[in-house]
Amino acid sequence: ALAHVPVTPEHLREAPYMGVAFIAFSVVATVLAVGIATTDRPALYGATMGLCAAAIGIYAMTRMVAFPQLSDDVGNWSETLGVISVATEMIALVASGLAVVGRQGPMYVGALADA
């Protein structure tokens, strides 16, 4: 969520829909993080995985296809805050997936390996 904060004002000016999406992402990510830290409910891990996968996918799409008012992002894969965002979203995605698998116990993990 924090990596989106510095670029939100710029996006609100240039591409308001993306600025609003950044705000929504930051709020939802923060709520999920607080929820996981305080309640540790499995559904929160699934929601975190979905949110982060969607964010990574949208980032990739904005680098491949010109979105309205964001055409300058096409091909710009190395933007510092973008790379930080994708890296932290990937970490949250993998960590949440591991938390879900870890809850299932060794027999479940073994069944996954056999499949």
Stokes-Einstein D for the chain (25 °C, 0.890 mPa s, Kirkwood Rh from Cα pairs), in µm²/s, comes to 159 µm²/s
Relative contact order in percent for the chain (Cα pairs under 8 Å, 6+ apart) equals 25 percent
At the level of C-alpha centres, the distance separating the range 4-60 and the range 88-103, in angstrom, is 16 Å
With Cα coordinates, the longest principal axis of the chain makes an angle with the long axis of helix 80-114, in degrees rounded to 10, of 20 degrees
Relative to the chain, whose Cα atoms define the longest principal axis, helix 42-64 and its Cα axis are tilted in degrees, nearest 10, by 30 degrees
Here the gain from full extension of Gln69 to Ser26, 0.36 nm per residue of separation minus their alpha-carbon distance, amounts to 13.4 nm
Heavy-atom accessible area of Glu10, protein chains in place, probe 1.4 angstrom, given in Å² to nearest 10, is 80 Å²
Pseudo-spin-label distance Ala53 to Ala95, built 7 Å along Cα→Cβ, given in nm, is 1.9 nm
Per residue, accessible area of the range 1-74 with a 1.4 Å probe, heavy atoms of protein chains only, in Å², comes to 56 Å²
Counting only protein heavy atoms with a 1.4 Å probe and every protein chain in place, the carbon and sulfur fraction of the accessible surface of the chain in whole percent equals 73 percent
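The values are calculated or read from the model by the stated rules, or taken from the named source; none is laboratory data. Just so it is clear, the model here is predicted, and its values are computed rather than measured. Using ideal geometry, Cβ is built from the backbone for each residue, glycine included, and neighbour counts are taken over all protein chains shown. All accessible areas refer to the heavy atoms of the entire protein, side chains included, with ligands and DNA or RNA removed. Shrake-Rupley method; radii C 1.70, N 1.55, O 1.52, S 1.80 Å.
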